[in-house]
Amino acid sequence: MIEFGSESPQRRSRVLVADDTDSVRSLYSKLLDVDGHEVIGASDGAAALAAVYEHHPDVVLLDVGMPRLDGLEVCRRLKADPATRLTPVVLVTGLSELQDRIKGIEAGADEFLSKPVHPMELRARVGALTRMKQVLDMLDSAEAAFMTLALTIEARDPTTNGHCERLARQAVALGKALGLSAADLQALHRGGYLHDVGKVGVPDAVLLKPGRLTPEEFELMKRHPDIGDALCAPLQSLRTVRPIIRCHHERLDGSGYPRGLKGEEVPLLAQIVAIADVYDALTSHRPYRPALSPEETARHLLQEAAEGKFDPFHVDVFLDVVQPTALPVA
Ligand SMILES: [Fe+2]
C-alpha cells in the first residue's frame with residue numbers, strides 16, 4: 001500500500017479499497033499499484049466513510065459484507081451527499097447474489113465486481129472510472145472558474161452588488177412558475193450568474209461610467225453578449241446557458257441587441273433572464289438615478305410588455321412571483 005500525502009502537482013488517481021479481509025485489501029492494492037493508482041485501505045464501512053471525507057478518493061471500491069456499516073449503506077450515504085455523489089462507487093458482491101446487485105443499483109452504485117474478482121477486470125473497471133472522474137473534475141473546475149469570473153466582473157461595478165445572485169434566484173422562480181423542466185431551471189440559475197460574463201471585454205471607462213454612454217461607448221457595451229458566448233463556447237457543460245448569454249438584451253419587438261432578434265427568435269430562457277435583469281436593474285440604485293420602488297418598476301415592466309418588448313404573460317407571472325403583494329392596481 002502506498003503512503004498517503006506525497007502529492008505531486010499532477011497527482012495520481014486515488015482509490016479507496018474497503019474490505020474487512022486484510023489479504024483481499026492487500027491483493028487489490030498490489031493490482032492497482034501496477035497501474036499507478038494510489039490506494040487507501042479501510043477495514044469496515046464506518047472507516048470507509050471517514051476515509052472518503054478525509055482523502056477524497058477518485059474511485060471507491062466497497063465490499064458489500066462489512067462490519068459497522070455494510071457496503072450498501074456506505075454507498076447509499078455517499079450518493080445522498082452532494083459533496084460525494086459524483087465519486088464512482090464499485091460494489092464487490094458474491095457471484096450469485098442477485099439481491100445484493102439489485103439493492104446496489106437502488107443504492108446508486110456505478111459498477112459491480114463479482115467475487116472472486118478477476119485481476120484484469122478490477123484494473124479495467126477502476127481505470128475506466130478514474131478517467132471518467134478526472135473528466136468530471138475538469139468540468140467541475142472549469143465551471144467553477146467561470147462562476148468566479150462572473151462574480152469578479154460583478155465586483156468591478158460596486159453598484160451591482162448581489163445582482164447575479166438575485167437574478168439567478170428570480171429567473172429560476174419565474175421558470176418554476178412557468179412549469180419549466182429541471183434542466184431549464186439549472187440553465188436559468190447558471191445564466192443568472194453568467195449572463196454578463198462578456199463584460200470582461202468591456203473597458204472600465206465604459207462599464208463604470210456614471211452618466212449616459214456615447215453612441216461609440218454603447219457600441220462597445222453591445223459586444224458583451226457575443227464576447228460572453230465566445231468565452232463559454234469551448235465548455236460543453238455550458239451549452240444550454242449560451243443562448244441566455246447571447247440573447248439576454250434582445251427584445252421581442254426587435255429593439256434589443258446585438259442582433260435585433262424578434263418574437264420566437266429570442267430563446268425563451270433568454271426572455272426570462274431579460275425580465276429579471278431589467279427588474280433588478282431598475283430596483284437597484286445607480287449613480288445617475290435612485291432605485292425605483294417595486295410599484296414603479298412593475299409599471300415600467302408592464303409598459304414595456306405592452307409595447308411588445310416582453311411577453312405580457314411572463315411579466316405578469318414574474319411580478320406575481322417576486323412581489324405578490326405589490327402589484328399596481330390597474
Ligand atoms: Fe448584460
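The values are calculated or read from the model by the stated rules, or taken from the named source; none is laboratory data. The model shown is predicted, which means the values in this text are computed figures rather than measured ones. Quick reminder, even Gly has a Cβ in these numbers, built from the backbone with ideal geometry, and neighbours come from all protein chains shown. Ligands, DNA and RNA are stripped out before the accessible areas are found, and what is left, the full protein with its side chains, is counted by its heavy atoms. Shrake-Rupley method; radii C 1.70, N 1.55, O 1.52, S 1.80 Å.
Of all residue pairs spaced 6 or more apart or on separate chains, those with beta-carbon atoms under 6 Å, a first member in the range 185-197 that is farther than 12 Å from residue 170 by Cβ and open to solvent by 10 Å² or more (accessible area, probe 1.4 Å) and a second member that is away from the ligand (no atom under 12 Å from the Cβ) and modelled with pLDDT of 90 or more are 185/172; 185/175; 190/241; 193/168. Kindly check whether there is at least one residue in the range 222-229 that is among the aliphatic types (A, V, I, L, M), touching a Gly at 6+ places or on another chain (Cβ under 6 Å) and within 16 Å of the ligand (Cβ to nearest atom). Yes, the range 222-229 contains at least one residue that is among the aliphatic types (A, V, I, L, M), touching a Gly at 6+ places or on another chain (Cβ under 6 Å) and within 16 Å of the ligand (Cβ to nearest atom). When you check residue 230 against the structure, is it open to solvent by 50 Å² or more (accessible area, probe 1.4 Å), more than 16 Å from the chain's Cα centre (by Cα) and farther than 21 Å from residue 147 by Cα, yes or no? No: the conditions fail for residue 230. For the range 249-265, the set of residues classified as surrounded by fewer than 23 Cβ atoms within 10 Å (Cβ to Cβ), within 18 Å of residue 313 (Cα to Cα) and within 14 Å of the ligand (Cβ to nearest atom) consists of 251 only. Applying the condition of being surrounded by fewer than 18 Cβ atoms within 10 Å (Cβ to Cβ) and in a helix (DSSP H, G or I) to the range 37-57 and asking which residue is nearest to the chain's Cα centre (by Cα) yields 53. Taken together, 246, 299 contain a single residue that is basic (Lys, Arg), away from the ligand (no atom under 16 Å from the Cβ) and part of a helix (DSSP H, G or I), which is 299.
Of the residues making up the range 112-135, those that are touching a strand residue (DSSP E or B) at 6+ places or on another chain (Cβ under 8 Å) and open to solvent by less than 60 Å² (accessible area, probe 1.4 Å) are 112, 113, 114, 117, 122, 126, 129, 130, 133. Residues of the range 306-322 that are assigned to a helix (DSSP H, G or I) and surrounded by fewer than 20 Cβ atoms within 10 Å (Cβ to Cβ): 306, 312, 313, 316, 317, 320, 321.
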